[in-house]
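These notes are about the structure you will find just below.
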Amino acid sequence: MMSHDHTLEIKENRFIFALALTALIFLAEFIGGFWTGSLALLSDSAHVFMDAFALGLSYLAIRAAALPPNDRHTYGYHRMQVLAALTNGASLLLIAVEILRQAWDRLQHPEPVLAGPMLVIAVIGLAVNLIVAFTLREHDHDDLNTRSAFLHVLGDALASVGVIAVGVILLFVNWPWLDPLVSVLIGLLILVSSGRVLKESVHILAEGSPDGMTATAVAAAMRQVAGVDEVHDLHVWTVSPGYVALSAHVVLRDQALSQTTQIMAALKAALHDGFDIRHTTVQFECGNCGQGSIACSQ
């Protein structure tokens, strides 16, 4: 079984490799966009630049999340991953608006495009983006930070497909409006991907529970533990993707202290096995607390 440190090292190396490739393709598309006069290629280069920015932020966030907790940051730096994802999503949103603005100007005043060089650069960009996406894909399943970076790269790969299509068509017909039209599609694609990342990032920063998990379901599972009469003042939140915490008041029957230790162990096991909750804080109470709400502000 691979150790945590070794897994982290592999993840960091993948980000460094992806960042280097992305920086190279940005330079190629940026220079090529001015050379060919293609707004679609320039739009793609702007997206690639944000890919590099996202990957750099994500790498720093991974390093920060590995730091141990301290007196000032008792949960460690896990939230750095979420903050990086939020920044990535916001940057995508801004670049999408700028692309749409420039595309509108170009639709009103079309300009000629060098289709051949544009096509070659776009094909190279697509190949590199697919390599980078494959590099990141293995780690994106339960990591919002990595997934936001992956969406950057995947969106750019799809945008490259659009640029390639424009290049092929412009080789045979003179439709200068086609280049800014594809730029609009690229801008809309970026808007969708940024919206998803921003929504999930804000949900976590607002102390939201994981998707598919409700306080009612968690409380019901806790009540199934022998010796538990009632659960109230229950709070479940996501510290960072894959790291869920819980606090609750649990009402017990009058019993020996040694029995409460067994109940605590059973509660933690039920929460971990049923909901993958890693951090549990429970306050035991004796008798009926008289509060009818599962989640209260007491």
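The values are calculated or read from the model by the stated rules, or taken from the named source; none is laboratory data. As the structure is a computational prediction, the values presented were derived from the model and not from experiment. Positions of Cβ are generated from backbone atoms using ideal geometry, with glycine treated the same way; all protein chains shown enter the neighbour counts.
Points worth noting:
- The range 198-224: number of residues that are surrounded by fewer than 19 Cβ atoms within 10 Å (Cβ to Cβ), among the hydrophobic types (A, V, I, L, M, F, W, C) and over 26 Å from V82 (Cα atoms): 2
- Residue identified as assigned by TED's automatic domain parsing to the domain that holds S201, in contact with a Pro (Cβ under 9 Å, 6 or more places away or on another chain) and farther than 16 Å from P241 by Cα among L107, L100, L126: L107
- Entry remark, the range 212-248: residues being among the polar types (S, T, N, Q), without any contact (Cβ under 8 Å) to a residue 40 or more places away in the chain and part of a loop (DSSP other than H, G, I, E, B) number 1 in total.
- Within the range 231-264, restricting attention to residues that are of a type in the set (S, T, Y) and under 22 Å from A220 (Cβ atoms), the residue that is surrounded by the most Cβ atoms within 10 Å (Cβ to Cβ) is T238.
- Residues that are of a type in the set (S, T, N, Q) and either part of a loop (DSSP other than H, G, I, E, B) or not assigned by TED's automatic domain parsing to the domain that holds K199 (or both), drawn from the range 40-96: N70, T74
- Check on I31, at pLDDT below 85, in the same structural domain as I164 (by TED's automatic domain parsing), outside any loop (DSSP other than H, G, I, E, B) and aliphatic (A, V, I, L, M): no
- Lone unmet requirement of (1) at pLDDT 80 or above; (2) more than 30 Å from A270 (Cα to Cα) for L154: (1)
- Checked against (1) under 26 Å from the mean Cα position of the chain (by Cα); (2) among the polar types (S, T, N, Q); (3) assigned to a helix (DSSP H, G or I), S209 passes all but condition (3).
- Failed item, numbered, when N70 is tested on (1) in contact (Cβ under 8 Å) with a residue 60 or more places away in the chain; (2) surrounded by fewer than 14 Cβ atoms within 10 Å (Cβ to Cβ): (1)
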